Amino acid sequence: MEYTIRFRNNSNFCLAGVLHSPVEHSNAGIIFLHGFAGKKDENGLFPYAANILSQNGYHALRFDFAGAGESQGDYLQSTLKSQKNDFLSAVDFFIKRCSLNKVGVIGFSLGATIALLGYNRRIKAMALWSPA
């Protein structure tokens, strides 16, 4: 199942995303972090991977950082810190929305750097694709 979602970051911008949910309830999920000037689709790579994950029992969340894609904000004002905060807002939203106790992250390019910057005890696994 695939749902369009919206949630707020700590600057009160509305961030746009897509939530992929497995047929049966799961307490594990993966967040995707796109690269520099990218979007939640990351040229088809993220939807493909998110669908495979949801078919195998994981929730998956793809979202646009503030100012990117369909999210509010100005991408020119984006910083490593603001993207890290967007990521942490996504973790908060994802855990609450899907009742998760296991969260992993896949970061692509600059998204890999953001994953490392935002790493905390709530993140149980991390994959860094083409890290910047």
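The values are calculated or read from the model by the stated rules, or taken from the named source; none is laboratory data. Just so it is clear, the model here is predicted, and its values are computed rather than measured. Backbone-built Cβ (ideal geometry, glycine too); neighbour counts: all protein chains shown. SASA here: full protein model, heavy atoms, side chains in, ligands and nucleic acids out. Shrake-Rupley method; radii C 1.70, N 1.55, O 1.52, S 1.80 Å.
Side notes on the structure shown:
- The number of residues in the range 29-42 being surrounded by fewer than 18 Cβ atoms within 10 Å (Cβ to Cβ) and modelled with pLDDT of 95 or more comes to 2.
- Filtering the range 1-27 to residues that are hydrophobic (A, V, I, L, M, F, W, C), open to solvent by less than 70 Å² (accessible area, probe 1.4 Å) and in contact with a helix residue (DSSP H, G or I) (Cβ under 9 Å, 6 or more places away or on another chain) leaves Ile5, Phe7, Leu15, Val18, Leu19.
- All conditions but one from (1) in a loop (DSSP other than H, G, I, E, B); (2) modelled with pLDDT of 95 or more; (3) on the phi < 0 side of the Ramachandran plot apply to Phe46; the one that does not is (1).
- Selected residue (criterion: most open to solvent (accessible area, probe 1.4 Å)) from residues of the range 94-110 that are farther than 15 Å from Leu19 by Cα and assigned to a strand (DSSP E or B): Lys102
- Lone unmet requirement of (1) over 21 Å from Asn10 (Cβ atoms); (2) open to solvent by 20 Å² or more (accessible area, probe 1.4 Å); (3) hydroxyl-bearing (Ser, Thr, Tyr) for Ser54: (2)
- Counted residues, the range 116-132 - those being touching a Lys or Arg at 6+ places or on another chain (Cβ under 9 Å) and not charged (D, E, K, R): 3
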